[in-house]
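Written below as structure tokens is the structure these notes are about.
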Protein chains: 2
Amino acid sequence: MIARDRVALICVLSAIVVGSTVAYEYQTKTIDVPIDHFTYTGEATFKLRYLINDTYATGTEPYGRPILFYAGNEGDIEVFAQNTGFMWEVAPKLKATLLFVEHRFYGHSLPFGNASYDSPKNLGYLTSEQALADFALVLRTLNPPNGTTRARPVIAFGGSYGGMLAAWMRIKYPHLVAGAIAASAPIRQFEGVTPCGIFNQILTSVYAVAYNDACVPNIRRSWTTLQNYSTSAEGLKTLNEKFHFCTNLTKATDVTDTLFEYLKDVYGNLAMINYPYASNFLAPVPAYPVREFCGRLEKNYTEAELLDRLQSALSIYANYDGKATCLNINSSYDGSGISDRGWDFQACTEMVMPMCADGVRDMFPPEPWNLQTYADRCFKRYGVHPRSQSALVNYGGDFLDASITNIVFSNGLIDPWSGGGVLRTTNANVKIVLIPEGAHHIDLRASNANDPASVTWARVEHVRNIQRWLAEYRKI
Amino acid sequence: MIARDRVALICVLSAIVVGSTVAYEYQTKTIDVPIDHFTYTGEATFKLRYLINDTYATGTEPYGRPILFYAGNEGDIEVFAQNTGFMWEVAPKLKATLLFVEHRFYGHSLPFGNASYDSPKNLGYLTSEQALADFALVLRTLNPPNGTTRARPVIAFGGSYGGMLAAWMRIKYPHLVAGAIAASAPIRQFEGVTPCGIFNQILTSVYAVAYNDACVPNIRRSWTTLQNYSTSAEGLKTLNEKFHFCTNLTKATDVTDTLFEYLKDVYGNLAMINYPYASNFLAPVPAYPVREFCGRLEKNYTEAELLDRLQSALSIYANYDGKATCLNINSSYDGSGISDRGWDFQACTEMVMPMCADGVRDMFPPEPWNLQTYADRCFKRYGVHPRSQSALVNYGGDFLDASITNIVFSNGLIDPWSGGGVLRTTNANVKIVLIPEGAHHIDLRASNANDPASVTWARVEHVRNIQRWLAEYRKI
């Protein structure tokens, strides 16, 4: 579940559009920031990377020329710069500077170089609070007040964990950020706020309505089938022959641990990137990849047939371009160039996002959520105990006080992460944008001819809200 | 100047009302909090002390029974509980719980016990951000949501640095604090926001209008007189005879460093505690102690006379009860039970508050502000370099965004710290309370028959604002 949560959050925005002709341009710079913003136990700094494009920021209007700031999340910042086409599309209209700031411990922003991941002694500085403080320092440094005037207005953007950071920047640093577009930001995906099963229930519903009524029952049945095959040498041999694993399965847990985790990851990833056009993230996939997947699981099969069909369906994700010679189930994001090490640690410290399955309301093997078990595993792996309430204490999560303003929470309703997102509020100054046909933060992507109307409308709303915030900023 | 700033901020609320019959009652408890809230480099915790009185919190009204929370500042929390009479006076009316939470590294809340002050390795965890996170954890722990209902509303209070913390709690943790009364909170007393000379100019004006026209000229002249006496053995002998120092002065710098710093501290302290009734803080003083002080410096004197008069005036502060057998100039808060070690460190890290004097607009020997000199001194003393912009980056300081709501900034205009306070704002949701006749956070003190009308009015305004916030909280 740890791995799965991590991949789920990371996959979309961290993708590299391999072979795409889209290539946005920027200058790459660094700024020295303290390794620890909140104590004075040491004075070490490190170089935090940011990308900037100033070519659209023309004109002299006071408080014009906003800064569109992407709050980097768990990956190389260049990936986010290249995969957040919406910002690039609105920058010329708003005469804006584009600024993408890398999250510490990802990409090139490694506080201790190659030793950054060595132990909690170093890795312990990987927290959202420190990352936000990095962002604040960058903004304050690049965007100083000019004499008697205020600084240029800053609009924060982010998707997924980056969306959480964008919202939290506005909440925690309102003097530095005039407003935030938080796309698919599951700021409620914490202990005691959102039920642990929601993610898998939404995920299952995506498969249930994708194409046919047989898809979910087939997936649900496949776990038992696979388990049946895992208990004998002959069964394992059959699985190895059918699936062409890169490394042969040799024992039951290879199926029930490794293969199961891989399958869960793939199902989650496919739902998140279930875009209406072909895309290429962790792997190339066709338009509506869940529909394609379910199209290969369309009726009742024998056990042997089911395995064949499942293998065929998996190839939608694992080998759509036909280049793979075997199925690597050790990673569902093989070849993406993304390091998962950071998010695994964050998920074991403050970003504890409870996940569970019951096999009834979802299509997965039952797996209860148990914080103690989870915490024990984290301690064994990293020597740290999660503080599962930390994000709630620090950021609120379930309660958006009336003083929290100028945030848009957008969520695609076919995105499993929307379950932990902000879908309603009594706070009139927080705007909710629901995208019924939207997958994971599709609204931040470059516009596409196949975008459903709700996505196009969401982007119009974003611009309208940004312009309102800028007008407010000018008035004050 | 370091010592002086520290004393200035600490003196009033940290006072113990010796011999007073006022004694508020509470239970003393502790809660385990992480030494470091913002990293996972270690897992150590320590016991943070808090005081609680639940006897007034009766009734069953939803969202009634607010929690009045004092954000502890640089001293023993019991001192603040005993010296914030206003909270005790309103608690029964509001059916409120009283909660006073100690600031880490002060009082009994020592993260490393007796070793807490040993080095930056330990002392480095003494920061406002960590203290606010302590408060947040205490509030979240003591005031959890009840099923489907929100937690009880919390109103934060604080004076001086505690007022800064109260305001910052509302800004940074709006989900935990419904509103804040920030009394005499100099959140603008930082580099580049408030001119360094304001404090001493206001201070001087208090002496200028206190009683007679001769007071300020006499004080201004006294520096030269003292310096003249410091340059010869005979002069020093005269000073020792006249002032009865506990330790004889033996060299010029004993006058120009030690005695001068002591005098500056005393002048600042007297201005801050220039209350309309006798009080007993760092030392017992009569009502309007500045007036009493100036009453002894009322005309032109010879140099020798001036020294006699100054010695007599000083006794208002140093020996009003006649118990002192000599004048201890090593500390202006001797016997108060207050440790200054913590604030000195904070002033050398993030609480850098520029101070200067020019001898023209103020009554002090000219002393320019030089950040580099200051920083060098801090590094020599503690092995840390100040981050003089840290508080501004983190908390805003000069810019109260429209999203910042439900804070009252109250300032007595005869309080030197009002120069760095928030005296005006375009933000309609931040309330300004000016107390023309008020010294340092007099409005938080217990009411007194001699309170000027403006102080009484301020307290009425506080209650009105609190009730408005509570009504808002109930409505949401």
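Open to solvent by 40 Å² or more (accessible area, probe 1.4 Å) and at pLDDT 95 or above: does that describe A:E89?
Against the criterion (open to solvent by 40 Å² or more (accessible area, probe 1.4 Å) and at pLDDT 95 or above), A:E89 qualifies.
Give me a count of the residues in segment B:42-64 that are away from chain A (no Cβ under 14 Å), hydroxyl-bearing (S, T, Y), open to solvent by 20 Å² or more (accessible area, probe 1.4 Å) and within 30 Å of B:D76 (Cβ to Cβ).
Total meeting the criteria: 3.
A:V206: at negative phi and at pLDDT 95 or above, yes or no?
Judged against the criteria, A:V206 is a match.
For segment A:419-450, what are the residues that are crowded, with 22+ Cβ neighbours inside 10 Å, more than 14 Å from chain B (Cβ to nearest Cβ) and part of a loop (DSSP other than H, G, I, E, B)?
Listed by number, the residues that qualify are A:G421, A:G438, A:A439, A:H440, A:H441, A:R445.
A:E437: in contact with a helix residue (DSSP H, G or I) (Cβ under 7 Å, 6 or more places away or on another chain), over 19 Å from A:A71 (Cβ atoms) and either of a type in the set (D, E) or outside the structural domain of A:L94 (by the TED database) (or both), yes or no?
Yes.
On the given criteria, is B:P416 in contact with a Leu (Cβ under 7 Å, 6 or more places away or on another chain) and either more than 8 Å from chain A (Cβ to nearest Cβ) or open to solvent by less than 10 Å² (accessible area, probe 1.4 Å) (or both)?
So B:P416 fits the description; yes.
Under 7 Å between Cβ atoms, which residue pairs at least 6 apart in sequence (or on different chains) link something in segment B:327-338 that is under 18 Å from B:A313 (Cα atoms) with a partner that is crowded, with 18+ Cβ neighbours inside 10 Å and at pLDDT below 60?
Sorted first by the residue in segment B:327-338, then by its partner, the pairs are B:S332/B:V7; B:Y333/B:V7; B:Y333/B:C11.
Here is a yes/no grid of residues against (1) within 18 Å of A:P365 (Cβ to Cβ); (2) touching a residue at least 60 places away in the same chain (Cβ under 8 Å); (3) in contact with a helix residue (DSSP H, G or I) (Cβ under 7 Å, 6 or more places away or on another chain):
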{"site": "A:T231", "(1), (2), (3)": "yes, no, yes"}
{"site": "A:G235", "(1), (2), (3)": "yes, no, yes"}
{"site": "A:K242", "(1), (2), (3)": "no, yes, yes"}
{"site": "A:N248", "(1), (2), (3)": "no, no, yes"}
{"site": "A:T258", "(1), (2), (3)": "yes, yes, no"}
{"site": "A:K264", "(1), (2), (3)": "yes, yes, yes"}
{"site": "A:A271", "(1), (2), (3)": "yes, yes, yes"}
{"site": "A:P276", "(1), (2), (3)": "no, yes, no"}
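Return only the number of the condition from (1) part of a loop (DSSP other than H, G, I, E, B); (2) within 10 Å of another protein chain (Cβ to nearest Cβ); (3) within 29 Å of A:T204 (Cβ to Cβ) that A:R361 does not satisfy.
Condition (2) is where A:R361 drops out.
Does B:A156 satisfy being in the same structural domain as B:D415 (by the TED database), surrounded by 24 or more Cβ atoms within 10 Å (Cβ to Cβ) and either modelled with pLDDT of 95 or more or not β-branched (V, I, T) (or both)?
yes
On the basis of being small (G, A, S), open to solvent by less than 10 Å² (accessible area, probe 1.4 Å) and either under 24 Å from the mean Cα position of the chain (by Cα) or within 11 Å of chain B (Cβ to nearest Cβ) (or both), does A:S119 make the cut?
So A:S119 does not fit the description; no.
Scan segment A:65-86 for residues that are surrounded by fewer than 21 Cβ atoms within 10 Å (Cβ to Cβ) and assigned to a loop (DSSP other than H, G, I, E, B) and jot them down.
Of everything in segment A:65-86, just one residue is surrounded by fewer than 21 Cβ atoms within 10 Å (Cβ to Cβ) and assigned to a loop (DSSP other than H, G, I, E, B), namely A:R65.
Of everything in segment A:183-203, what is of a type in the set (A, V, I, L, M) and at pLDDT 95 or above? Give them in sequence order. So that I can check it myself, show each step before the final result.
Keep residues of segment A:183-203 that are of a type in the set (A, V, I, L, M), which gives A:183, A:185, A:187, A:193, A:198, A:202-203.
Selection gives A:A183, A:A185, A:I187, A:I198, A:I202, A:L203.
Among residues belonging to segment A:451-466 that are outside any loop (DSSP other than H, G, I, E, B) and in contact with a helix residue (DSSP H, G or I) (Cβ under 8 Å, 6 or more places away or on another chain), point out the one that is surrounded by the fewest Cβ atoms within 10 Å (Cβ to Cβ).
Ranking the qualifying residues of segment A:451-466, first place goes to A:V463.
Scan segment B:328-347 and give yes if some residue there is charged (D, E, K, R), within 14 Å of chain A (Cβ to nearest Cβ) and under 26 Å from the mean Cα position of the chain (by Cα), otherwise no.
Looking through segment B:328-347, at least one residue is charged (D, E, K, R), within 14 Å of chain A (Cβ to nearest Cβ) and under 26 Å from the mean Cα position of the chain (by Cα).
Among the residues of segment A:367-376, is any over 22 Å from the mean Cα position of the chain (by Cα), more than 11 Å from chain B (Cβ to nearest Cβ), crowded, with 16+ Cβ neighbours inside 10 Å and not in a loop (DSSP other than H, G, I, E, B)?
yes
Where residues in segment A:126-150 are within 27 Å of the chain's Cα centre (by Cα) and among the β-branched types (V, I, T), which of them is farthest from the other protein chains (Cβ to nearest Cβ)?
Among residues in segment A:126-150 that are within 27 Å of the chain's Cα centre (by Cα) and among the β-branched types (V, I, T), the one farthest from the other protein chains (Cβ to nearest Cβ) is A:V138.
Which of the residues spanning segment B:181-206 are among the hydrophobic types (A, V, I, L, M, F, W, C), open to solvent by less than 10 Å² (accessible area, probe 1.4 Å) and in a loop (DSSP other than H, G, I, E, B)?
Hits for segment B:181-206 are B:A185, B:I187, B:F190.
Among the residues of segment B:383-394, write down those that are surrounded by fewer than 21 Cβ atoms within 10 Å (Cβ to Cβ) and more than 8 Å from every other protein chain (Cβ to nearest Cβ).
Within segment B:383-394, B:G383, B:S388 meet the criteria.
Can you find a residue in segment A:157-174 that is more than 12 Å from every other protein chain (Cβ to nearest Cβ), over 23 Å from A:P111 (Cα atoms) and part of a loop (DSSP other than H, G, I, E, B)?
Looking for residues that are more than 12 Å from every other protein chain (Cβ to nearest Cβ), over 23 Å from A:P111 (Cα atoms) and part of a loop (DSSP other than H, G, I, E, B), one finds at least one in segment A:157-174, hence yes.
Look at B:F379 and say whether it is within 12 Å of chain A (Cβ to nearest Cβ), farther than 30 Å from B:Y211 by Cα and at pLDDT 90 or above.
yes
Across segment B:20-41, what is the total count of residues that are open to solvent by 40 Å² or more (accessible area, probe 1.4 Å), within 14 Å of chain A (Cβ to nearest Cβ) and not β-branched (V, I, T)?
Final tally of qualifying residues: 1.
Look through segment B:396-407, keep the residues that are more than 7 Å from chain A (Cβ to nearest Cβ) and farther than 29 Å from B:Y267 by Cβ, and return whichever of them is surrounded by the fewest Cβ atoms within 10 Å (Cβ to Cβ).
At the first step, the residues of segment B:396-407 found to be more than 7 Å from chain A (Cβ to nearest Cβ) are B:397-398, B:400, B:407.
With farther than 29 Å from B:Y267 by Cβ added as a condition, the list becomes B:400, B:407.
Numbers: B:L400: 23, B:I407: 31.
Among those that are more than 7 Å from chain A (Cβ to nearest Cβ) and farther than 29 Å from B:Y267 by Cβ, it is B:L400.
Check whether at least one residue in segment A:127-138 is in contact with a strand residue (DSSP E or B) (Cβ under 8 Å, 6 or more places away or on another chain), within 26 Å of A:N53 (Cβ to Cβ) and either outside the structural domain of A:V408 (by the TED database) or acidic (D, E) (or both), and report yes or no.
Within segment A:127-138 (the criterion being in contact with a strand residue (DSSP E or B) (Cβ under 8 Å, 6 or more places away or on another chain), within 26 Å of A:N53 (Cβ to Cβ) and either outside the structural domain of A:V408 (by the TED database) or acidic (D, E) (or both)), the answer is yes, since at least one residue qualifies.
The values are calculated or read from the model by the stated rules, or taken from the named source; none is laboratory data. Fair warning: this is a prediction, and the values are worked out from it, not measured in the lab. Backbone-built Cβ (ideal geometry, glycine too); neighbour counts: all protein chains shown. Side chains are part of the model used for accessible areas, which takes the heavy atoms of the whole protein and leaves out ligands, DNA and RNA. Shrake-Rupley method; radii C 1.70, N 1.55, O 1.52, S 1.80 Å.
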